[in-house]
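One structure is given below, encoded as structure tokens.
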Amino acid sequence: MSAAFPLSTETIQPEQAPARVLTIALAGNPNAGKTSLFNALTGLRQKVANYPGVTIESKVGWWSLSEEMPPAQLIDLPGLYSLDAASLDEEIARDVLLGQARTIPSPDVIVVVVDSTNLIRNFYFLTQLLETGQPIVVALTMFDLAERSKLQIDIDKLSKALGVRVVPVVAKRRQGIVALAEAVAEVVGSPRMPAKLCLLSPEAESELSLLSAGDDEDRYGAFTDLYSDELPDAPDRRELVKQARERLAKMNQQWQQEPLIARYDWIEGVVAGAVQQESNGQRSVTDRIDAVITHKILGPVILLLVMLLVFQTIFSWANLPMTLIGHVFVALADAVRTHLPAGVFTDLLTDGIIAGVGGVLAFLPQILLLFLFISILEDSGYMARAAFLMDRLMRAVGLHGKAFVPLLSSFACAVPGIMATRTIENPKDRVATIMIAPFMSCSARLPVYTLMIAAFFSGRKVLGVVSLGALIILGMYLLGITVAIIVAWILKHTILNAPPPPFVMELPPYRVPDFGNVAHALLTRTTVFLKRAGTVILAISILLWALIAFPRAKVANSSSPQTAVSEQGLNGSDGSSQQIQNSFAGRAGRLIEPVIRPLGFDWKIGIGLISSFAARETIISTLSIVYNVGERSDEKSSLVDAMRNAKRADGSPVWTPLVALSLMVFFLLACQCMSTVAIVRRETNSWRWPLFMVAYMLVLAYVASLITFQGGRLLGFS
Amino acid sequence: MRKNDKQANPEPNESGSLDTLPSGLAARVVNVQGSTAIARRLMEMGIVPGAVIKVVRAAPLGDPIQVCLRDCQLALRRAEARAITVLVGI
């Protein structure tokens, strides 16, 4: 469009305009209704993208401004309270808004989303944007709520005072959407407006004119130089700015606060002139709900009940669909096996690909259910209250209150739990939370615990009543939590050390969650999981299959070895046992035997450890193959017998209660879950953190197992 | 609020930090101290000199606190609340 200007002074007709895609940015405070508006404007024409090199996600969609114009690219930015960036996502959003982002074109129009029921605070960010002189249209969201609370907003007056077009919208009912598109289209064609800066004190103003050499055009540049945290790079400028700051500091110690106060003063004036509030003198609904939800005693009780419900859902209700998915893929693998000739290709298809896809899809029920809850909790405003209630406790470990829900969810499964850490804004807090999430003893460890307990601790009681098995499982959970606390503390005091960002959290008004938004969020999460994590899980699954399947054993009719979800009958297990013992995994098991012997493990257990990197519960099927027992309904009991009878070369039993305990500790602390690795890769957008996680958890697991086994022996246990 | 003024412990026109303000009592922000980053974040959220602020209640473990400002609810840790000087009796 810029090329078109010098050629003609006429108004540019849309069809004459060069077919350049317009870029429109959607920005505003958190909880201002940005997501609802984005969904209303783009519908399903949206996708999630990552900003290059960082973990921050942006949603990009297509918005048809009018029938004549090609759809504009609408970028949904992270919620911001201010342009003064405190965190990475704020920094990125600011760069995009100011046209300083390298990969995203400077927005042609910024739609600033303003919550009608909370004008003053929302206007702060708007004021800062007005100062930049970027083309702006204001969308007043939740206009129906403002009307209901007897807030009379004079749109014309407001628009005149702000100097930009103001459009009231109700995104849920698609009201004002057309008017908003018209306003944006109008701004696209009109010349840039002058930047608007609040008037400061005479002293500050004179410094500004000094720095801008009296040129009004440069006032914003001078303003940024004077009040930003850093000094400008150019040496002469640097000195000038430094001197100006010193002079101001001499007059007023808090000179840096002046623009903030000036902005709020200006905003108060604008709002007073355009808005009338009929006070009804009643406590708002939010106040009344808060009296219960954040109550000293009731609050924690309600939080406990809510979390119990969430936990119950992902722990047990997701089980049925997960089992169903498992069965479907086992049946599918069987069908393929019967219809295709036996061979490497069939094995790859059944045990590598089908099992891998099944393994990916098995996570979907948990992810969908957890995110259903999280969307509802977030949209309703409850999530902020949960963080408020838990902050003190979480802070003891150096984490944010918002880490509570993701960590608790991780007891069911770390994958959705890690995805849920998205609600934590501070990147370092978020990574610390992700790093300790796998220590929450997840449901995949339970089959391992129960097998070990069934084999070596069953029927034993402590003090005559409590079963030893239950105590051991409880101990595992507590050990996981303790290790998580210690690791979090260490991480937050070393590599993730940062001054805690000021904890000023908005407790948004309670709102009934919008069904459309929740559905959108679920859809987004599902696609992201399948596309980004699913592919990695599938790849690792095939790799692990290859480790077990190659090199091929000489036995002609060797049936396939086992992976996560496949099952197999008794026949052929002899061949499988040979196959797995001669495979790469089997050789690796032997190779690592010297390393794992101090933990009490032999090479057969080593094979189990290697294969269980796919998923922890895989060790059961692997051990079944190694010990040559079938995998029928009586699988567990025959496996238990085989384990009890397994002998070392010198005739001593391979498995003792102490070995079992050592193995349980290892399984608790090692990151044997490719899905977790894949999701951490996805959520941190690099291989650095997932690899670090695997490594440090492995070291921890090794040391803890070593202490368990050797310490146990010293104490005379066996 | 007028009623409260007479009953509350702090005398009218007494200033103190926000974390010592009894809950339910409205006060006016006089000054925001603390590091630049903290003061800025607090002020961006609307806690500027002149604003009316009220402590609603403290979290179960006494920290953070819930405050009400221009009909908005905010949660602050006590460490941040200490940086805010308020004047009772408005």
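Bins of 10 Å, beginning at zero and ending with the bin holding the largest distance: percent of Cα pairs per bin for segment A:314-397, please.
The percentages, shortest bin first, are 16, 28, 22, 16, 11, 6, 0.
Once you charge only the Cβ atoms, +1 for Lys and Arg and -1 for Asp and Glu, what is the size of the charge dipole of chain A about its Cα centre, to the nearest 20 debye? If you can, show how the numbers build up before the last one.
Details: 61 positive and 61 negative charges, 626 e Å.
Charge dipole, chain A, about its Cα centre: 3000 debye, nearest 20.
With just the Cα atoms defining each centre, how far is segment A:238-257 from segment A:378-426? Give it in Å.
After rounding, the separation between the Cα centres reads 41 Å.
Can you flag which of A:Lys34/A:Lys150; A:Lys196/A:Lys250; A:Lys157/A:Lys242; A:Lys150/B:Lys54; A:Lys47/A:Lys492; A:Lys59/A:Lys428 are past 29 Å Cα-Cα?
Violating the 29 Å limit, Cα to Cα: A:Lys157/A:Lys242; A:Lys47/A:Lys492.
Find the Cα radius of gyration of the protein assembly as shown, compare it with 2.2 N^0.38 Å by division, and give the number to two decimals. List each step's numbers first, then the result.
Numbers: Rg = 31.0 Å, N = 808, 2.2 N^0.38 = 28.0 Å.
Normalised Rg, Cα atoms only: 1.11.
Whole number please: convex hull volume per residue of the Cα set in segment A:590-718, in Å³?
Values: hull volume 13.9 nm³, N = 129.
Normalising the Cα hull of segment A:590-718 by residue number yields 108 Å³.
Which of the peptides B:76-85, A:508-517 is most tightly packed, and how do the rest follow, judged by the mean count of other Cβ atoms within 10 Å per residue? Provide the component values of the computation, followed by the final result.
Values: B:76-85: 21.1, A:508-517: 16.7.
The packing order, highest mean first, is B:76-85, A:508-517.
With a 1.4 Å probe and every protein chain left in place, tell me how much accessible area A:Arg165 has, in Å² to the nearest 10.
80
With the dipole of the protein assembly as shown worked out from charges on the C-beta (+1 for Lys and Arg, -1 for Asp and Glu) around the Cα centre, which of A:Ala386, A:Leu44, B:Cys72 lies farthest toward the positive end?
Farthest towards the positive end: A:Ala386.
Mind listing the Cα extents of segment A:366-453 along all three principal axes, in Å, largest one first?
Answer, in whole Å and largest first: 41, 28, 21 Å.
Over chain A, with every protein chain in place, what whole percent of the accessible area is carbon and sulfur at 1.4 Å, could you tell me?
On the way: 19710 of 31660 Å².
Of the solvent-accessible surface of chain A, carbon and sulfur hold 62 percent.
As a test of the definition: which semi-axes, in Å, follow for segment A:140-222 when you take the square root of five times each eigenvalue of its alpha carbon gyration tensor? Largest first, please. Mind dumping the intermediate values first?
On the way: eigenvalues 249, 62, 15 Å².
In descending order the semi-axes read 35, 18, 9 Å.
Using the scaling law 2.2 N^0.38 Å as the reference, what is the normalised Cα Rg of segment A:97-161? Before the final figure, lay out the partial values.
On the way: Rg = 13.7 Å, N = 65, 2.2 N^0.38 = 10.7 Å.
Cα Rg divided by the expected 2.2 N^0.38 Å: 1.27.
Cα centroids of segment A:260-302 and segment A:647-718: how far apart, whole angstrom?
A separation of 51 Å, based on Cα centres.
Assign unit charges at the C-beta atoms only (+1 for Lys and Arg, -1 for Asp and Glu), then state the dipole size of segment A:202-251 relative to its Cα centre in Debye, rounded to the nearest 20. Write down the numbers at each step before the final one.
Working: 7 positive and 14 negative charges, 56 e Å.
In total the dipole reaches around 260 debye.
Expressed in nm², what is the orientationally averaged projection area of the convex hull enclosing the Cα positions of segment A:266-369? Provide the component values of the computation, followed by the final result.
On the way: hull surface 55.7 nm².
Result: a mean projected hull area of 13.9 nm².
How shielded is B:31-38 by partner chains, expressed as the average number of their Cβ atoms within 10 Å of its Cβ atoms? Could the numbers behind the result be given before it?
Working: counts 2, 4, 3, 1, 2, 5, 6, 7.
Other-chain Cβ atoms within 10 Å of each residue's Cβ, averaged: 4.
Specify the inter-centroid distance of segment B:14-37 and segment B:73-87, based on alpha-carbon positions, in whole Å.
Rounded to whole Å, the Cα centres lie 6 Å apart.
With a 10 Å radius around each residue's Cβ, average the other Cβ atoms per peptide and rank A:296-308, A:121-133, highest first.
Numbers: A:296-308: 14.7, A:121-133: 22.1.
Top to bottom by mean Cβ count within 10 Å: A:121-133, A:296-308.
On the first, second and third principal axes, largest extent first, how far apart are the outermost C-alpha atoms of segment A:202-251 in Å?
Over segment A:202-251, Cα extents along the principal axes are 26, 22, 17 Å.
Taking the Kirkwood radius as the inverse of the mean 1/r across Cα pairs, report the Rg/Rh of segment A:41-182. Intermediate values should be presented prior to the final figure.
Working: Rg = 15.4 Å, Rh = 16.1 Å.
Ratio value, two decimals: 0.96.
Per residue of segment A:433-447, what does 6.51 cos²θ - 1.76 cosθ + 1.60 with θ = phi - 60° give for ³J(HN,Hα)? Whole Hz please, x for Gly and Pro, Karplus curve as stated.
Working through the residues one at a time gives 5, 4, 5, 9, 4, x, 6, 5, 5, 8, 5, 6, 7, 4, x Hz.
In peptide A:120-126, how many Cβ atoms from other protein chains are near each Cβ within 10 Å, on average?
Shielding by partners across A:120-126 averages 3.
Principal axes first, then extents: for the Cα atoms of segment A:346-493, list largest minus smallest coordinate on each axis, whole Å, largest first.
Result, largest extent first: 52, 45, 31 Å.
Take the Cα atoms of segment B:2-88, build their convex hull, and give its volume per residue in Å³. Write out the running numbers ahead of the final one.
Numbers: hull volume 7.4 nm³, N = 87.
Spelled out: Cα convex hull of segment B:2-88, divided by residues, is 85 Å³.
The values are calculated or read from the model by the stated rules, or taken from the named source; none is laboratory data. The model shown is predicted, which means the values in this text are computed figures rather than measured ones. All Cβ positions, even for glycine, are placed from backbone atoms using ideal geometry, and neighbour counts span all protein chains on display. Ligands, DNA and RNA are excluded from the accessible area calculation, which covers all protein heavy atoms including side chains. Shrake-Rupley method; radii C 1.70, N 1.55, O 1.52, S 1.80 Å.
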